[in-house]
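Scroll down for the structure; my scribbles are underneath it.
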Amino acid sequence: METIQPKYNDLVPVPWWMTETLFWIAFCLVSFIALSLFYGGGPTLMNAADLGFEAATGAILTRPILWAAPRFGRMGRAASFLSLVSMVIILSQTWNIVRMLSFPQFFPGAYIWNQFGGWAFSALLIFALWTALFYSVRSYNLAATQRELANQERFRRVNAEKLTSIAQLKMLRYQINPHFIFNTLNSVNALIATGRQKDARAMVDGLSDLLRLTLVLDPPLIIPLAEEIDTIRRYLSVEKLRFGERLTAHFEIDDSLNETSVPSLILQPLVENAVRHGVEAQIEPCDILVRASKSGDFMEIVIADSGPGLLTRDTARHREGLGLENVRSRLESVFGGHASLAISNHQGNGFQVAITIPLKIHETLQ
């Protein structure tokens, strides 16, 4: 990834013009106290004019340091240090000469050239302090800007991960829809073939409600558990029209989990499996259990049936088809390694799928 080099003027945490203004105001105050009041002089217009002139010329003569700072950054450390020191010395002594030449203009008759060493040292000290302050503020601003750029990059990465997760979840969820429609239309066809037109019409009405919930309205990818359970109840009521007394559904839902977030339609493939491999696979009545309970910071959802169960290893492999693979993939997309799916026999002769998920979902998917 290309590194963004911010321009100094674009750095905003500490505006340099404000810092520099305060520096030269402080210079004027300290100079007035040290050189005027200390020697018994009172504040005069000439004092203010002289100090204002010195501050203005000092601010002008420090411009080359501002201009050269980014270029020094592209040089080696030793070379940039020597260049900066040389520039500070030259500019400070230029400023010193300008100050000494202008001083008699504000104080006629004053002779100060015999104090050249003191003036030269003070000029060098002031420019050194100015340079140290400038580079301190510049380093702080650069570091703050790099932190902001890093935060923006992290934000973009989180958004990209969110979009990727959403796209993957949509793809996996849409795999469910044609499978579900196919199964339901088969049920309608079976009712019509057996002369149960009234039940077929009722099933079509139920199917319309389900399609409105799952397709037409395009529900969000993450929904409260209560909404997911309501969809399952509607689906089983449709299948109840087909199987009659052969299908009985039981729901054991902890009410405190109703608002817990889950991927939408995460239970649909599991319940369809229970109907297909539990109810359809035997003539005897089949019970389907949907249970949601809390275990510490996790929620366990169990879908179980009293059908044939896992009779052989081949049966287990057969039941782990597209539906369970889809559920595993969606759990991985949303919860990473914090969710699990396990299959087993239920009460000796049935089939059970248990998924365990955290009670709190990742913030990027909320």
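With the structure loaded, tell me whether L270 is open to solvent by less than 30 Å² (accessible area, probe 1.4 Å) and free of Cβ contacts under 8 Å to residues at least 60 places away in the same chain or whether it fails that test. For L270, the condition - open to solvent by less than 30 Å² (accessible area, probe 1.4 Å) and free of Cβ contacts under 8 Å to residues at least 60 places away in the same chain - is not met. Among the residues of the stretch 98-119, is there at least one that is polar (S, T, N, Q), open to solvent by less than 40 Å² (accessible area, probe 1.4 Å) and under 16 Å from E20 (Cβ atoms)? So far as the stretch 98-119 goes, no, none of its residues is polar (S, T, N, Q), open to solvent by less than 40 Å² (accessible area, probe 1.4 Å) and under 16 Å from E20 (Cβ atoms).
The residue that is surrounded by the fewest Cβ atoms within 10 Å (Cβ to Cβ), counting only those in the stretch 320-340 that are modelled with pLDDT of 75 or more, among the hydrophobic types (A, V, I, L, M, F, W, C) and within 16 Å of H277 (Cβ to Cβ), is L324.
Whenever a residue of the stretch 238-266 is of a type in the set (F, W, Y), its partners that are part of a helix (DSSP H, G or I) and open to solvent by 40 Å² or more (accessible area, probe 1.4 Å), lying with C-beta atoms within less than 9 angstrom and at least six residues away or across chains, give the pairs F251/R233.
So that you can scan it fast, the table gives a plain yes or no per residue for (1) closer than 24 Å to G195 by Cα; (2) modelled with pLDDT of 85 or more; (3) of a type outside the set (A, V, I, L, M):
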residue	(1), (2), (3)
S237	yes, yes, yes
E259	no, yes, yes
L289	no, yes, no
I303	no, yes, no
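The residue of the stretch 238-249 that is nearest to the chain's Cα centre (by Cα), among those that are open to solvent by less than 10 Å² (accessible area, probe 1.4 Å) and under 16 Å from D287 (Cβ atoms), is E239.
Find the residue count for the stretch 80-122, including only residues that are free of Cβ contacts under 8 Å to residues at least 60 places away in the same chain and more than 23 Å from V137 (Cβ to Cβ). Of the residues in the stretch 80-122, 26 are free of Cβ contacts under 8 Å to residues at least 60 places away in the same chain and more than 23 Å from V137 (Cβ to Cβ). Counting the residues of the stretch 278-289 that are within 15 Å of S344 (Cα to Cα) and either open to solvent by 70 Å² or more (accessible area, probe 1.4 Å) or within 40 Å of the chain's Cα centre (by Cα) (or both) gives 1. Annotation: A110 fulfils all but one of (1) in a loop (DSSP other than H, G, I, E, B); (2) at pLDDT 90 or above; (3) aliphatic (A, V, I, L, M); the unmet one is (2). In the stretch 203-234, which residues are at pLDDT below 85 and open to solvent by less than 40 Å² (accessible area, probe 1.4 Å)? Matches in the stretch 203-234: M203, G206, L207, L210, T214, P219, L221, I222.
Checking the stated criteria, A160 turns out to be modelled with pLDDT under 70, among the hydrophobic types (A, V, I, L, M, F, W, C) and assigned to a helix (DSSP H, G or I). Can you work out which of the residues in the stretch 120-147 that are aromatic (F, W, Y) and open to solvent by 60 Å² or more (accessible area, probe 1.4 Å) is farthest from the chain's Cα centre (by Cα)? In this case the residue turns out to be F121. If you go through the stretch 123-139 and pick out every residue that is in contact (Cβ under 8 Å) with a residue 60 or more places away in the chain, in contact with a Ser or Thr (Cβ under 9 Å, 6 or more places away or on another chain) and not aromatic (F, W, Y), you end up with 4. Scanning the stretch 250-267 for residues that are open to solvent by less than 30 Å² (accessible area, probe 1.4 Å) and touching a Lys or Arg at 6+ places or on another chain (Cβ under 9 Å) yields a count of 7.
The values are calculated or read from the model by the stated rules, or taken from the named source; none is laboratory data. On a predicted model such as this, the values are computed, not experimentally measured, just so you know. A quick note on method: Cβ atoms are made from the backbone with ideal geometry, for glycine too, and the neighbour counts reach across all protein chains shown. Ligands, DNA and RNA are excluded from the accessible area calculation, which covers all protein heavy atoms including side chains. Shrake-Rupley method; radii C 1.70, N 1.55, O 1.52, S 1.80 Å.
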